[in-house]
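> Before I ask anything, here is the structure I am working with.
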Amino acid sequence: MYLEERLESQRKWYSKKSGINKNLHHWFKVLTIIFSISIPVILGLEEYVALDGWSTAVSAALGALVAVLTAISGLMKFEEKWINYRGCSERLKRQKYLFETGTAPYDKADSLKVLVMKVENIISSENADWGDYIRSDEKPAK
């Protein structure tokens, strides 16, 4: 009961959120790279193609998009969430496998209690670590 309702549901949640944040991180990075590279290309084309001054406006807009994507990515912490959630999911998966195979520390009579304590510690620690990380990032610089 505990394995499916708590451990596995939490593991799946962390795994799903990890995947979402990984995809967002990669998309934001790819778009930032593409837009950044496009700026000098567009400005360089003006010499060879009649863009009637549009190259400056388009380059400025792309520069603004790069700044916005970078700021949002930093604010939303997609990479950090991806790594933290993946790590938590893998730690939970490891505990489940050790428990299911009766491997230490789950080779004794009270193995379910040990599992519950370890799983709850993993979840609690991840939540506390993430909260500390967010709070420390929000403090004004001295």
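The values are calculated or read from the model by the stated rules, or taken from the named source; none is laboratory data. Given the structure is predicted, the values throughout are model-derived calculations rather than measurements. Using ideal geometry, Cβ is built from the backbone for each residue, glycine included, and neighbour counts are taken over all protein chains shown.
> SER36 passes all but one of (1) more than 30 Å from ASN121 (Cβ to Cβ); (2) assigned to a helix (DSSP H, G or I); (3) at pLDDT below 95; which number fails?
Among (1) more than 30 Å from ASN121 (Cβ to Cβ); (2) assigned to a helix (DSSP H, G or I); (3) at pLDDT below 95, the lone unmet condition for SER36 is (3).
> To continue, here is another question. Of all residues in region 39-74, which are modelled with pLDDT under 90, among the small types (Gly, Ala, Ser) and either assigned to a helix (DSSP H, G or I) or in contact with a strand residue (DSSP E or B) (Cβ under 9 Å, 6 or more places away or on another chain) (or both)?
Result: GLY44, SER55.
> Just checking, how many residues over region 74-121 are of a type in the set (A, V, I, L, M), crowded, with 19+ Cβ neighbours inside 10 Å and over 18 Å from the mean Cα position of the chain (by Cα)?
Total satisfying the criteria: 2.
> Name the pairs whose Cβ atoms lie under 6 Å apart, with the first residue in region 19-45 and within 30 Å of CYS88 (Cβ to Cβ) and surrounded by 12 or more Cβ atoms within 10 Å (Cβ to Cβ), the second modelled with pLDDT of 95 or more and of a type in the set (A, V, I, L, M), and 6 or more positions between them or separate chains?
Note: pairs meeting the criteria are PHE28/LEU69; LEU31/LEU69; THR32/VAL66; THR32/LEU69.
> Sticking with this structure for a sec: Is there any pair linking a residue in region 75-104 that is assigned to a helix (DSSP H, G or I) to one that is of a type in the set (Asp, Glu) and buried (at least 19 other Cβ atoms within 10 Å of the Cβ), with Cβ under 7 Å and at least six apart or on different chains, and which?
Here the result reads ASN84/GLU126; CYS88/GLU126, each pair linking region 75-104 to a residue that is of a type in the set (Asp, Glu) and buried (at least 19 other Cβ atoms within 10 Å of the Cβ).
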